[in-house]
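Undergrad: The structure is given below, and queries will be raised subsequently.
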Amino acid sequence: MTPRHQREFDEVLQRVIDSLPAHIAQLLDEVPVIVQDRPSPDQLRDLGIDPADEDEVLSLCGLHSGISNTDRSVDATQMPSDIHLFREGILELVGGWDVPEARKLLEEEIRITLLHEIGHQFGLDEDDLDRLGYA
């Protein structure tokens, strides 16, 4: 992905974050959003995805890593949670930069993906997120 497209994606992401309700956006002060072009080979292996399987790699839009709020304990040795968003997977889902209304579609998908991963931070599973429309 070109640096220009990375900047454009990140600008759309910032607009999405800025539009979130304050109580949701506040969570992002504690759980950082890490934006990557694509998942790392280690992330893919942890998920059981072959890094050479380009279709599987591009199907991944986001990832919550760490322990959800509902499973967190007072144990200070727990690693903090992260939310990862993957530019190439999200762009693949919306059809790329050249589709009509690409930015609008991109904004919608970033919002869905971000809220999906925030949902995991709050302990929601895939079925819960599907019922809420964030699958």
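What follows draws every value from the coordinates through simple rules; no lab data is involved. Just so it is clear, the structure is predicted and the values come from calculations on it, not from any experiment. As a convention, Cβ positions derive from the backbone with ideal geometry for all residues, glycine included, and neighbour counts pool all protein chains shown.
Undergrad: With Cβ to Cβ distances under 15 Å as the rule, what net charge do the other residues near Leu28 carry (K, R +1; D, E -1)?
TA: For residues surrounding Leu28, the net value is -4.
Undergrad: Also, I was wondering about something else. Fully extended, how many nm does the chain gain between Arg7 and Arg103 (0.36 nm per residue separation, minus their Cα-Cα distance)?
TA: 33.3 nm
Undergrad: Using the beta-carbon distance between Arg15 and Arg131 and R0 = 30 Å, what value does 1/(1 + (r/R0)^6) give for FRET efficiency, to the nearest 0.05?
TA: 0.65
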